[in-house]
């Protein structure tokens, strides 16, 4: 079955659901699932339509053109993607391997609907992991003086490997605004704390000292404001006074891999829409 | 805003979403939210459409007739409900008050989109609770010999109070098949165990002896098979060796009230569809 | 069975467990449960011993004196409490009733090992709730100009009713430092947010706007720094884009009553020890 | 620091805590943490004492002899273990790799206080995983006709590698009673369902068909009754109608690895005691 997804958002006015349904049906698409969401405060309407496009009575290009016309008449922002044009992702890592292993294994199990194009790291430590999963690995060292060049090197690698989005799997470098703007809503980061609590460095230490009874982790799109991008997924675990900082770090590994994987799966399936700092994550 | 909900299910064939959308739009209804679900194993399609019906260009009756025609052409089972025709529920209780208080309070907070028509109990213990919330209370004693008459009495009370559905808030009597058939998918029960584990009596004792590390509670539609009806909601809590049976019972009170309230809210909002023994609970 | 609890903390040196056990056994106490905790970072040792004191070979007074001597030799802070000297608590409320009902019901079920001495409110709205549970109710209005006098009135009421600790069950007034210092680690508050995120007013609005995927509530001892006291319990729930602010508020009611009840139960059972801003909550 | 752990259980009589404390202190052990648990229904007392044994004034052998004497006077069952005598575990796998990877990674992170002595599999599929973590791997094929010989082969390998306990990381063969009796409370299995619901084969299919709203996984000691051994850990996740059997299987992978790892960590740390079919899992 050949399928496609349309995502769109616009001011919440009457007739959107009908007009979108009509548009697809007139072109002989068969809607399998349509999801909508209205944000009352911002008066914004969001829609994601998953449809069978195997019997389309027009080319994909003319479908896209028709969609653009519909979009302009409603002031919509739209995105059209075809299931057979599988996304390609890059993983950036440093030395921690838990998120990397988790992504590689879930990918192998078929949980992630995308291809892992390459792994880029500022260290060589995880090269053998990449090798054992047969994913191209590139060592791009980062120093204080070569940061800009290193980013350009990474961006060139991504371009050469036709990368659609980037996953920071505990990549321990701060990316420049230039880099981040290059992949707007296309860089998924994991923060090892329950944002907005415990931003910045050593969140488990902060959590220990604060004496919280629950710790968490957060996956979000990277934006120019560090740890402030739109949140995609969060997960928490109960802790108590018996948990040392090391124990929190160990529990955190589980939380981090879960929220990162969840975000990557949702992004790969075109389930996420971003509006201001909120995400709509359709299922 | 005047709104309505159509729920339908049928064999999963092409064009349902479009035809339903078209049907509503042609009558000048404005779809606010449409949800679909396809069960691949049974090849069954489910849909719930929430729409603004304040500008309908036909009467509600003719809308219903048109829907019946659409339904017969697709072999659909449909249900149409109007938001301004608020459902009325009856609560049946015995002596435990935790579920009763919870429902009364949530109702007062506006969480339950239905009117509590009356409370029926086989004991007088909770009469004062009903009084303090100003809900009509009827004492219908049940003995071994009068069981049938007591049920008829209760059914008469429900009819007189225009009851649409019944909530068994830890009602400690087994209902007859006659009674249950009278309200098919209209009697919500709470079982104080994680079904299908620990059916029947004293589930917390069973759980203690079995040594489980998690206990649960289950809300479901009552059917002729005791504790076997379609599950609406379940919730679990972690326990360990330190929890006595009494501690499990206390935790159970929290679980029971949560799963029962969740089921009542979903039913009142026409969010639930039942097919064989599975429920589809749209949100 | 007559039982007692000793709680103590001191620098973590050798022999504490043995010496405390020996002290109790020499006086013919029978240890039922002893719990210890060492905080490695602050090198602090905490202990809670629950013991049968029905066969003590000395008076309670001389037991206390002996304990004081032991305490001074180890530099311990100790607290001794006897199970038959049940604590008395005051509940302060404003207009929200969900935490109040929850405490009253749990008390009735025997979950809270303390007596509810009185309810104090700055409004009359919940007077009838107090009446239906037969708890003394006092209306102590608070205005901008009478704040100090109102607090004195409340403190007088607490003294007259022999109150040991105070539960702020969504009491919507900020207490003065004078008031708070009067009951150090004896005022339990509930904050309707997952601290340290979303301090201050309207935490559910903050959470909505921030776009978090999990919301929480926190119970803590009130200190002079608002919303900054030692955390006793936290609980979280998953949310997503479909939850309006009103839905978060409704979910929050469940979280708030849970974390507050949990804190009250732990405090009543002498399970909590506080050191700097961390709580040790033995079970 | 040299440390040791004593675990013991016996009829719940007076003086156990004191006598055990005294025994350890007289030999110059320093108790770091002592945990107790009394089961009121069976009148059984459980204790686990973790102590510094670096200054013992006797040999380990004479400490053990003294403990045996104490045990016989109280009718205790005791176990003494020294932290520096690290346990050795064997992993048995078939073709699923998610539990294996998880154990290997957690072991590398230092979460599991034991050495992985070898991996035994009835297939060759995971040989390369073993190789990449540098763990000895043995292929012991199992057919209908060689089952007994295969078990003997495995037991010989375990003996040769000084194995203390065995982890069945989704090992898809049923072990004989002879094999299981050889390692009483020493074989940890993971069942991919929330026991006692959904025993036997294809639990996720069973869960789907039953329409449960929560799925789970269970780790337990293997006993002669399949899926009936004492439960060590359970974990659950919410599901709804949108989850296909395949989705449940994928979620199950996360649950399985979590509950298995948790059981292995607890067993390696001598935290578990078994009495009849309940486990006491000290932390």
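The values are calculated or read from the model by the stated rules, or taken from the named source; none is laboratory data. This is a predicted model, so every value here is computed, not measured. Quick reminder, even Gly has a Cβ in these numbers, built from the backbone with ideal geometry, and neighbours come from all protein chains shown.
Candidates B:21, B:81: the one that is under 22 Å from the mean Cα position of the chain (by Cα) and at negative phi is B:81.
Would you check if there is a residue in segment C:261-277 being at the interface with another protein chain (Cβ under 9 Å from one of its Cβ atoms), touching a residue at least 60 places away in the same chain (Cβ under 8 Å) and assigned to a loop (DSSP other than H, G, I, E, B)? Within segment C:261-277 (the criterion being at the interface with another protein chain (Cβ under 9 Å from one of its Cβ atoms), touching a residue at least 60 places away in the same chain (Cβ under 8 Å) and assigned to a loop (DSSP other than H, G, I, E, B)), the answer is yes, since at least one residue qualifies. Within the set C:66, C:75, the sole residue that is surrounded by fewer than 17 Cβ atoms within 10 Å (Cβ to Cβ) and out of contact with any strand residue (DSSP E or B) (no Cβ under 6 Å at 6 or more places or on another chain) turns out to be C:66.
Within segment D:7-35, being under 17 Å from residue D:68 (Cβ atoms) and within 11 Å of chain C (Cβ to nearest Cβ) holds for D:16, D:19, D:20, D:22, D:23, D:24, D:26, D:29. When only residues in segment D:218-246 that are in a strand (DSSP E or B) and within 29 Å of residue A:33 (Cβ to Cβ) count, which is nearest to the other protein chains (Cβ to nearest Cβ)? My answer is D:236. Residues in segment B:38-63 that are assigned to a helix (DSSP H, G or I) and exposed (fewer than 13 other Cβ atoms within 10 Å of the Cβ): 2 in all. Scanning segment B:193-212 for residues that are more than 19 Å from the chain's Cα centre (by Cα), within 12 Å of chain D (Cβ to nearest Cβ) and either in a strand (DSSP E or B) or more than 16 Å from residue B:244 (Cβ to Cβ) (or both) yields B:197, B:198, B:199.
Okay, residues lined up against (1) free of Cβ contacts under 8 Å to residues at least 40 places away in the same chain; (2) more than 23 Å from residue A:259 (Cα to Cα):
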residue	(1), (2)
A:106	no, no
A:110	yes, no
A:129	yes, no
A:132	yes, yes
A:139	yes, yes
A:145	yes, yes
A:157	no, yes
A:167	no, no
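Does residue A:93 satisfy the condition of being assigned by TED's automatic domain parsing to the domain that holds residue A:185, on the phi < 0 side of the Ramachandran plot and buried (at least 18 other Cβ atoms within 10 Å of the Cβ)? Against the criterion (assigned by TED's automatic domain parsing to the domain that holds residue A:185, on the phi < 0 side of the Ramachandran plot and buried (at least 18 other Cβ atoms within 10 Å of the Cβ)), residue A:93 qualifies. For segment D:157-179, the set of residues classified as assigned to a helix (DSSP H, G or I) and touching a strand residue (DSSP E or B) at 6+ places or on another chain (Cβ under 6 Å) consists of D:157, D:158, listed by residue number.
Mind listing just one residue for me: the one in segment D:107-131 that is part of a loop (DSSP other than H, G, I, E, B) and within 14 Å of chain A (Cβ to nearest Cβ) and, of those, surrounded by the fewest Cβ atoms within 10 Å (Cβ to Cβ)? Among them, the one singled out is D:110.
Out of D:90, D:71, D:4, D:38, one residue alone is out of contact with any helix residue (DSSP H, G or I) (no Cβ under 9 Å at 6 or more places or on another chain) and either more than 14 Å from every other protein chain (Cβ to nearest Cβ) or farther than 20 Å from residue D:266 by Cα (or both). It is D:71. When segment C:187-216 is filtered for residues that are surrounded by fewer than 18 Cβ atoms within 10 Å (Cβ to Cβ) and in contact (Cβ under 8 Å) with a residue 24 or more places away in the chain, the ones remaining, listed by number, are C:199, C:200, C:205. Summed over segment C:224-246, the residues that are without any contact (Cβ under 8 Å) to a residue 24 or more places away in the chain and touching a helix residue (DSSP H, G or I) at 6+ places or on another chain (Cβ under 8 Å) give a count of 1.
Residues of segment D:132-156 that are over 24 Å from residue D:226 (Cα atoms) and in a helix (DSSP H, G or I): D:132 alone.
Among D:215, D:249, D:190, which is the only one that is touching a helix residue (DSSP H, G or I) at 6+ places or on another chain (Cβ under 6 Å) and part of a helix (DSSP H, G or I)?
D:249
Taking residue C:180, is it within 16 Å of residue C:91 (Cα to Cα), more than 10 Å from chain A (Cβ to nearest Cβ) and at pLDDT below 95? No. Take residue C:201 and decide whether it is out of contact with any helix residue (DSSP H, G or I) (no Cβ under 7 Å at 6 or more places or on another chain), closer than 18 Å to residue C:223 by Cα and in the same structural domain as residue C:271 (by TED's automatic domain parsing). Spelling it out, residue C:201 is indeed out of contact with any helix residue (DSSP H, G or I) (no Cβ under 7 Å at 6 or more places or on another chain), closer than 18 Å to residue C:223 by Cα and in the same structural domain as residue C:271 (by TED's automatic domain parsing). Restricting to segment B:1-31, what's the tally of residues that are at pLDDT below 90, in a loop (DSSP other than H, G, I, E, B) and closer than 16 Å to residue B:80 by Cα? Qualifying residue count for the region: 0.
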